[in-house]
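> Quick one: structure below, then a few questions.
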Amino acid sequence: MKPGSQVVVPPARTVHGVVRLPGDKSISHRYAMLAGVADGPSRLENYSTGADCASTLACMRALGVKWERKDNVVEIEGRDLSLAAPARPLDCGNSGSTMRMLSGIVAGQKFSSEMVGDESLSRRPMERVIKPLSAMGAQIASRDGRPPLRITGSALTAIDYKMPVASAQVKSCLLFAGLLADGETRVEEPLRTRDHGELALRAFGAQIERKGNETCIRGGQRLRGIEARIPGDISSAAFFLCAAALFPGSQLTIPNLLMNPTRARLLDIVTQMGLRISVTQLEEIHGELVGSLQVEGARLTGATIAGADSAALIDEIPVLAAIAPYTEQGIEVRDARELRVKESDRIAAVATNLRLMGAQVEERDDGLKIPGGQTLYGAELDSLGDHRIAMAFAVAALRADGETLIRGAEAAAISYPAFFSTLEEIAER
Ligand code: S3P
């Protein structure tokens, strides 16, 4: 889809079929980065098709890492901890994950580099990685804590760091930097966030220790390349789970889905809201739990998302909120201020688009309160350049009265280029 694309989503009667998801975005980024600094080759199957993970690969190439991609299989030749000076700024595109996590690796190299991003990424806070990396001895100049980042490579020293914000990107950044640092780095998080960084480091052969919310890594460990099949992205599955939840009797099969417990809170919430889910073929691949889901729609009650759940569901809240008016009791989201500094201000984006569809919404500083039992009407909406907003409202449109037009629909390609065609395949009208 070209920039400025719009998609019209007519209402559906139900959804039915099989959804095969692209590889998980969080895992794809981490495997690509670690494969680049590992010893020997890695082969990654079902690598994310999203533009964000392509940004990570492009940055790795600019850092001297050789890789080849055939469809969704990526073969990467590792450079054993030392990367090459990039000839140009590292373009992270729209991807906060690329900038935040890769900054931990380039900060410990013997060269200087610059990391840049698109307009949305250039507004996002980077202080959360600049501060601890600087405490490790890194030299990073920024535009008031925002991109671009100018990083002068330095010898890093381990730190003990208590993260003020619950962020898996920051945790991974510091563990990756810790791998290059002298001594043992300890990172403590205020809440347990996704643990793909820890699992990926272990998969590549590093020793990591975890006690409660504290993770430790010893510097100087060498990584070994791996062969892996990346499980389907559960944050992308969220759109289809919510679509199924809209229609009693809907049926979906989702094979090869990531079910890592630090990401699977979504499954509990949609089950509490009425979706019936059964899981088969559970297996563990490189420490990541994977399963196949059978999903059936029933009644749709409400939910409250607060505290640790808000951090665990941070990427799924937009779609849960977008379907909230159709629930019986509505949905209340609290403690989710982080949503305001994602690819867009997602609290404002959800409130604006729901109101355009005729819903009553209470917008709060750290969340939303959306009453249930409402009717939504087809409307003209904007993605605000945010992939999850484009996809969330395509799902809300399925039960609206009338057609919904979504401007800036091409944003979906940031994490899920095939989203609209898959939605069309499963929607029955
Ligand atoms: C991610 C962590 C979350 C999430 C993002 C991916 C990751 O961001 O919103 O889409 O892969 O670690 P934060 O670390 O900012 O919470």
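Rule-based calculations on the coordinates, nothing more; no lab input. Here the structure is a predicted model, which is why all the values come from computation and not from measurement. Backbone-built Cβ (ideal geometry, glycine too); neighbour counts: all protein chains shown.
> From the set of residues in the range 263-276 that are β-branched (Val, Ile, Thr) and buried (at least 17 other Cβ atoms within 10 Å of the Cβ), which is farthest from GLN169 (Cα to Cα)?
If we take residues in the range 263-276 being β-branched (Val, Ile, Thr) and buried (at least 17 other Cβ atoms within 10 Å of the Cβ), then VAL270 is farthest from GLN169 (Cα to Cα).
> For the list (1) under 21 Å from PRO125 (Cα atoms); (2) acidic (Asp, Glu); (3) surrounded by fewer than 21 Cβ atoms within 10 Å (Cβ to Cβ), I need the number of the one condition that GLU363 fails.
With respect to (1) under 21 Å from PRO125 (Cα atoms); (2) acidic (Asp, Glu); (3) surrounded by fewer than 21 Cβ atoms within 10 Å (Cβ to Cβ), GLU363 is out only on (1).
> Right, next: Taking the range 337-372 only, how many residues are hydrophobic (A, V, I, L, M, F, W, C) and out of contact with any Leu (no Cβ under 8 Å at 6 or more places or on another chain)?
4
> Right, something else. Being in a helix (DSSP H, G or I), surrounded by 17 or more Cβ atoms within 10 Å (Cβ to Cβ) and within 16 Å of the ligand (Cβ to nearest atom) is the requirement here; does ALA394 meet it?
In short, no.
> May I ask you to say which residue of THR56, THR49 is within 14 Å of ASP233 (Cβ to Cβ) and either out of contact with any strand residue (DSSP E or B) (no Cβ under 7 Å at 6 or more places or on another chain) or outside any strand (DSSP E or B) (or both)?
THR49
> Moving to a separate point now. Of the numbered conditions (1) acidic (Asp, Glu); (2) in contact with a strand residue (DSSP E or B) (Cβ under 7 Å, 6 or more places away or on another chain); (3) farther than 25 Å from SER250 by Cα, GLU296 fails exactly one; give the number of that condition.
So GLU296 meets the others, but not (3).
> Tally time: how many residues in the range 1-43 are closer than 21 Å to ASP315 by Cβ, buried (at least 24 other Cβ atoms within 10 Å of the Cβ) and within 16 Å of the ligand (Cβ to nearest atom)?
12
> State whether the residues of the range 202-212 include one that is out of contact with any Phe, Trp or Tyr (no Cβ under 6 Å at 6 or more places or on another chain), assigned to a helix (DSSP H, G or I), buried (at least 17 other Cβ atoms within 10 Å of the Cβ) and basic (Lys, Arg).
No, the range 202-212 contains no residue that is out of contact with any Phe, Trp or Tyr (no Cβ under 6 Å at 6 or more places or on another chain), assigned to a helix (DSSP H, G or I), buried (at least 17 other Cβ atoms within 10 Å of the Cβ) and basic (Lys, Arg).
> So is ARG192 surrounded by fewer than 24 Cβ atoms within 10 Å (Cβ to Cβ) and more than 15 Å from the ligand (Cβ to nearest atom) or not?
In short, no.
> SER82: hydroxyl-bearing (Ser, Thr, Tyr), crowded, with 20+ Cβ neighbours inside 10 Å and in contact (Cβ under 8 Å) with a residue 12 or more places away in the chain, yes or no?
So SER82 does not fit the description; no.
> Ok, one more. Considering the range 390-412 alone, what residues qualify as being in contact with a Phe, Trp or Tyr (Cβ under 8 Å, 6 or more places away or on another chain) and over 22 Å from PHE247 (Cα atoms)?
ALA409, ALA412
> Based on this model, can you work out whether LEU282 counts as touching a residue at least 24 places away in the same chain (Cβ under 8 Å) and not β-branched (Val, Ile, Thr)?
Spelling it out, it is not the case that LEU282 is touching a residue at least 24 places away in the same chain (Cβ under 8 Å) and not β-branched (Val, Ile, Thr).
> Next question. Being free of Cβ contacts under 8 Å to residues at least 24 places away in the same chain and touching a strand residue (DSSP E or B) at 6+ places or on another chain (Cβ under 9 Å) narrows it down to one residue among SER122, SER134, SER103, SER113; which is it?
So the residue among SER122, SER134, SER103, SER113 that is free of Cβ contacts under 8 Å to residues at least 24 places away in the same chain and touching a strand residue (DSSP E or B) at 6+ places or on another chain (Cβ under 9 Å) is SER134.
> Here is a follow-up. May I ask you to say which residue of ASP39, ASP24 is touching a residue at least 60 places away in the same chain (Cβ under 8 Å) and within 19 Å of the chain's Cα centre (by Cα)?
ASP24
> Moving on to the next point. Which residues, taken from the range 68-95, are of a type outside the set (D, E, K, R) and closer than 22 Å to GLY232 by Cβ?
Residues satisfying the conditions are ASN72, VAL73, VAL74, ILE76, ASN94, SER95.
> To continue, here is another question. Can you pull out the residues in the range 234-255 that are more than 16 Å from the ligand (Cβ to nearest atom) and either in a helix (DSSP H, G or I) or surrounded by fewer than 22 Cβ atoms within 10 Å (Cβ to Cβ) (or both)?
Answer for the range 234-255, where residues must be more than 16 Å from the ligand (Cβ to nearest atom) and either in a helix (DSSP H, G or I) or surrounded by fewer than 22 Cβ atoms within 10 Å (Cβ to Cβ) (or both): PHE240, LEU241, CYS242, ALA243, ALA244, ALA245, LEU246, PRO248, GLY249, GLN251, THR253, PRO255.
> Can you give me the number of residues within the range 256-268 that are part of a helix (DSSP H, G or I) and among the hydrophobic types (A, V, I, L, M, F, W, C)?
So the count comes out to 2.
> Continuing with the same structure: Quick check on ILE27: is it farther than 22 Å from ASP386 by Cβ, among the aliphatic types (A, V, I, L, M) and in contact with a helix residue (DSSP H, G or I) (Cβ under 9 Å, 6 or more places away or on another chain)?
no
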